[in-house]
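The values are calculated or read from the model by the stated rules, or taken from the named source; none is laboratory data. Because the structure is a prediction, the values reported are computed rather than measured. Neighbour counts run over all protein chains shown; Cβ positions are idealised from the backbone, glycine included. Heavy atoms of the whole protein, side chains included, go into the accessibility calculation; ligands, DNA and RNA do not. Shrake-Rupley method; radii C 1.70, N 1.55, O 1.52, S 1.80 Å.
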Amino acid sequence: MLNKTAITYGLLKDENVNDDHQEKEDALEATIGNFGKWQLRISVLMSLLKFPIAWFTLSIIFLAPPTNFWCKPSQKYSNMSDTEWLKISEKNYPRAMKQEGVNSGYCEMVDIENNPNSTIPCVYGYGYNRTIFSSTIITEWDLVCGHERLVELSQMTLMFGVLIGNIFCGIMADKKGRKTVLLWCIISQSVLGTVDSLVPWYSLFVLLRFLLGIANGGTVVTSFVMCLEVVGGKWRTVVPILYQIPFGFGISIMAGLAYFMRDWRELHLAISMISSIYFLYGWYDYFSSTRTIKRCMPESPRWLLAVGRKDEAIRILREAAIENKLNQQKFQEAVSGLPTITKTTKQKASFSALFSTRELRKRSFLLYINWTISGITFYAFSQYLGHVGSNVFLTVATSGLIAVPGALLCILLVGRAGRRATLAGSHLFTACCFLAVIAVPKGQYSHDWPRVVLAGCGITGISISMPALYLWTGELYPTVLRNAGVGTSIMFSRIGSMLAPVVVALEEFGPHVPLLILAVGACAEGLLVLPLPETKGLALPDTIEDLEDLGSLESDEKGYVTVPVRNDDGREEEAE
């Protein structure tokens, strides 16, 4: 029988050995193993939530696509078609003020009836090119000619909500449990999305998008943590990366839905109603008395152990052990070694602790800059995809599918080349793709296929760097600060996502300005990761002291640091 009673966030150690550096054993690994059917089911359920996450965060691509507009004619010309009216007025438009950029058109019209030598504002309203989209938030609320910044505001408001959701729901998940918070976020996300599809006022639309962003941000952080906490060993590297794959599929599915639903309200209502399917995650627990069904999405046993709810954790672990077909006698021996956490043994991390040492300050500073630029790059380029090719549906759908092999390639690269080389290389590759898109003129090829291919390559680079950055951030912080470190890093990513619409809007100063800015940002990211230490093959630091000890080790003549790590069979070996 195991005689283990001390715990550090799910790690067990022998209390009879007075050594702070003794070998520790993960609680889940000791009881249910690193990965089995139980972990697979939880991981799949969490990864499926990436579909609505993708839909709501990137729906702006189809809610506010690039739109051509012009001044509506007076009542005298109201019986004319748009084509006829434009033929009559087109020769006079050169003297009118034209708006360039994402949405191009005329904010003034020549006063044909009274004084052909002067221009007047669009007093009769605006006409729009509805060839591709029958209705968008731009056409419904006339977000042009001085009001075009309201499009950016709607997306910035959503991303600000996501930022708040990351922080607030992350804190609540630590207090109330991952499952409770996640279920509320799932329900709120669908309900708010449905209501937002029906509101008649722009101000209410933006307010609901803010609340929708909070729910979406809560879903993002809680599902990721849940996915991370149920696996162990090498699977803690593989699963969090595979968890990102449905996001790309979600983008492609949304493009397909938008192709058949050209009205923004229909599209938004469709993705909201489909998201209501996830109500089933909670239905089993609240409305069924069948024990098997209740195990659909259990609470994180690692969190239950950390907060001292040992009996609940053991019940869930026992069910997991049965599902994983583990030996019950060995399970009982492992369970007997699980500790009982009291209020006096619980520890809380603080934001200030992330800057308590020189090494932590350096890591936090560089990571926060990287996450901010990554947030700008990912969301700005995702929104810019609608401008890359002539067929917005094909461009967006292709980029979503290309992101899938990028995530798989990330697993291979981080395992062989390491975290730092993978991130630096993928950032520089992405920058080259952005510059190559600029070099290919728009409209010279069928469906702008070279630009679409290059944009897809850029998405591949981003889909490699983002999962690697998630993984590396978790490894660079010690266990006692890992949640706080990852959470605040994601917060800076959301700040970057709020700036993304502003970068896209800079197209009015030149069609290539946004991509040029993103290329420079990607190059900066590639350089900023170089001062950070490589973590491939190294034991994860548990405390701030462990981190400082690793940072103080001298490298050999080849520039490598030698530290003890554990291989797959648990034996200690040297790693470079």
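For the reader, a short list of remarks on this structure follows.
- For the range 31-73, the tally of residues that are in a helix (DSSP H, G or I) and more than 30 Å from Gln328 (Cα to Cα) stands at 14.
- Selection from the range 203-219 of residues that are of a type outside the set (A, V, I, L, M, F, W, C), buried (at least 19 other Cβ atoms within 10 Å of the Cβ) and out of contact with any Cys (no Cβ under 9 Å at 6 or more places or on another chain): Arg209, Gly213
- Out of Gly256, Gly232, Gly193, sole residue that is on the phi < 0 side of the Ramachandran plot and under 20 Å from the mean Cα position of the chain (by Cα): Gly193
- If only residues of the range 523-540 that are at pLDDT 85 or above and aliphatic (A, V, I, L, M) are counted, the one that is nearest to Leu435 (Cα to Cα) is Ala524.
- Set Leu530, Leu506, Leu516: member being more than 21 Å from the chain's Cα centre (by Cα) and farther than 24 Å from Gly425 by Cα: Leu506
- Of the criteria (1) farther than 22 Å from Phe160 by Cβ; (2) under 21 Å from the mean Cα position of the chain (by Cα), which one Met261 fails: (2)
- Residue pairs whose Cβ atoms lie under 7 Å apart, sitting 6 or more positions apart in sequence or on different chains, and linking a residue in the range 270-295 that is modelled with pLDDT under 55 to a partner that is of a type outside the set (S, T, N, Q), are Ser288/Lys294; Ile293/Tyr284; Lys294/Tyr284; Lys294/Asp285.
- Among the residues of this structure, Val520 does not count as one that is buried (at least 16 other Cβ atoms within 10 Å of the Cβ), farther than 20 Å from Ser364 by Cβ and either in contact with a helix residue (DSSP H, G or I) (Cβ under 9 Å, 6 or more places away or on another chain) or modelled with pLDDT under 80 (or both).
- Positions within the range 105-126 being at pLDDT 75 or above and surrounded by fewer than 16 Cβ atoms within 10 Å (Cβ to Cβ), in sequence order: Pro121, Val123, Tyr124, Gly125
- The range 119-140 - residue that is among the hydrophobic types (A, V, I, L, M, F, W, C) and under 29 Å from the mean Cα position of the chain (by Cα) and, of those, farthest from Ser81 (Cα to Cα): Ile137
- Contact map, the range 445-474: first residue in contact (Cβ under 8 Å) with a residue 40 or more places away in the chain and open to solvent by 20 Å² or more (accessible area, probe 1.4 Å), second residue of a type in the set (Phe, Trp, Tyr) and outside any helix (DSSP H, G or I), Cβ cut-off under 7 Å, separation 6 or more or different chains; the map is empty.
- Restricting the first member to the range 186-202 and to residues that are under 15 Å from Leu280 (Cβ atoms) and open to solvent by 30 Å² or more (accessible area, probe 1.4 Å), and the second to residues that are outside any loop (DSSP other than H, G, I, E, B) and of a type in the set (Phe, Trp, Tyr), the beta-carbon pairs closer than 9 Å and six or more apart or on different chains are Ile187/Tyr278; Ile187/Phe279.
- Test for Arg262: is it within 23 Å of Met226 (Cα to Cα), surrounded by 14 or more Cβ atoms within 10 Å (Cβ to Cβ), out of contact with any helix residue (DSSP H, G or I) (no Cβ under 8 Å at 6 or more places or on another chain) and modelled with pLDDT of 80 or more: no
- Restricting the range 475-490 to residues that are at pLDDT 80 or above and farther than 20 Å from Ile411 by Cα leaves a set whose member that is surrounded by the fewest Cβ atoms within 10 Å (Cβ to Cβ) is Ile490.
- Scanning the range 303-339 for residues that are modelled with pLDDT under 80, part of a helix (DSSP H, G or I) and under 31 Å from the mean Cα position of the chain (by Cα) yields Trp303, Leu305, Ala306.
- Residue count for the range 80-94 under the criterion of being of a type outside the set (Asp, Glu) and either touching a Leu at 6+ places or on another chain (Cβ under 6 Å) or at pLDDT 60 or above (or both): the result is 8.
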